[in-house]
1. Which whole number in µm²/s is D for region 226-347 by Stokes-Einstein, with the Kirkwood Rh taken over Cα pairs at 4 °C and 1.567 mPa s?
2. Per Stokes-Einstein, at 10 °C and 1.306 mPa s, what whole-number D in µm² s⁻¹ belongs to region 283-383, with the Kirkwood radius over Cα pairs as the hydrodynamic radius?
3. Ratio of region 173-258's C-alpha Rg to 2.2 N^0.38 Å, to two decimals?
4. For the pair Asn207/Lys356, report the inter-label distance in nm, with labels modelled 7 Å from Cα in the Cβ direction.
5. Efficiency by 1/(1 + (r/R0)^6): what FRET value for Asn301 and Ser327, r their Cβ-Cβ distance, R0 = 35 Å, to the nearest 0.05?
6. Take peptides 199-205, 328-334 and line them up by average Cβ neighbours within 10 Å, highest first, as a rough protection proxy.
Amino acid sequence: MIWRNYRWTLFFIYLISIVHCVPLTDGRAQFTGNSILNFPDDTFNGTQQGDIQLPGLLDTFSLLQRYQVCNTPDGKKGRCMRIKHCSVFDTQQNIGQLMEHLCVIEQATIGVCCAEHVTRLSFGDTLDPPPSISGTSGGKIVNRPEERGCGVSTGQFPSKIIGGQPSHPAEWPWMAALLTPGPSKAFAGGSLITDRHVLTAAHCTTNLKPEELFVRLGEYDFTIHDETRAKDFRVSEIREHSEYDPITYENDIAIVKLDRPTVFNTYIWPICMPPIGETWEGYSGVVAGWGTQFFGGPLSNVLMEVSMPIWKQQECIDAFADRIVSSVMCAGGYDGGQDSCQGDSGAPLMVMLPNKRWVIVGIVSWGVQCGKAQRPGVYTRIDSHIDWIIENAVF
């Protein structure tokens, strides 16, 4: 971050060298020159579940044996369940409606709040309450999980951010810090999209082996070394887009699989995939990360945030001649001063929907220095890669 004064629900010449997101370097890349899946059994907190949990892509969600009571947006009593058991929804025709009905089953699985009169299954009148999160988990659920779905923050997001500023703890609970053994500082960012998968940029993981990388969730301030809310995870596998181009940064997207499922709580929570059919042009987007506040500066210890306009695609093309493809988007202050920067690579470009849920619409990919007038940051578009995300968040 820098300071101001200077069909699915799921790039120039200022520098000489390319700076990648690699360990111990400051890195946002600097540019020069619908399948139906069958999921294997997985384990969440010791409970066997049939499918992976992918917020925003609800047809893959796990169905637990007990269904928690929830309230639909129109006030009807319902149950939080897997979408295929709720006849009112069609995943391709009612994506916006789905976003309004998201809920969480047993603090583990994203589901949909289905009004009881339209469900395909019958339920008993008595249900056990959802399990509580213990104090040792480093956080507590401040909203009942059946009333909270993906992309809901418990932090207080200001109405407008001018330039960059420190965020608040728990404001961006899906933020992931990518680290390597050694100095405890993030070299890149990512977004938690399931209980076990983090979405990031491919140029951040290139040439890294899983054992050379670990992920921290729930982090806010790296100078506080005894934070119980931050959890470290080893990486079991890295999946980069097979058509990622390290020269043009096309398809700059990767998924990192954690070595074990995480526990959702106040400080660790998944972000939603975006609804289809939206360009996001003219929206105000937000980027959060531990990157530098100016080009060549030190990495931030505290999680920073900055809001900026998302450009029209033609404006993006005009800013970088013919180097912009349809699978990327641009965002940043038109006059400079609002931008992601080095070390922010892999972090999410986020938009808050009218229903107050945050969705990830882009991934920090590359840019020309930081905060230059008429030189926005370039982001990998999520909606262009939804099918890839679905197919690769299950390994």
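1. 76 µm²/s
2. 119 µm²/s
3. 1.08
4. So the two model labels end up 4.6 nm from each other.
5. Rounded to the nearest 0.05, the efficiency is 0.55.
6. On the way: 199-205: 29.3, 328-334: 25.3.
Final packing ranking: 199-205, 328-334.
Rule-based calculations on the coordinates, nothing more; no lab input. Nothing here was measured: the structure is a model prediction, and the numbers come from that model. Cβ atoms come from the backbone with ideal geometry, glycine included; neighbour counts cover every protein chain shown.
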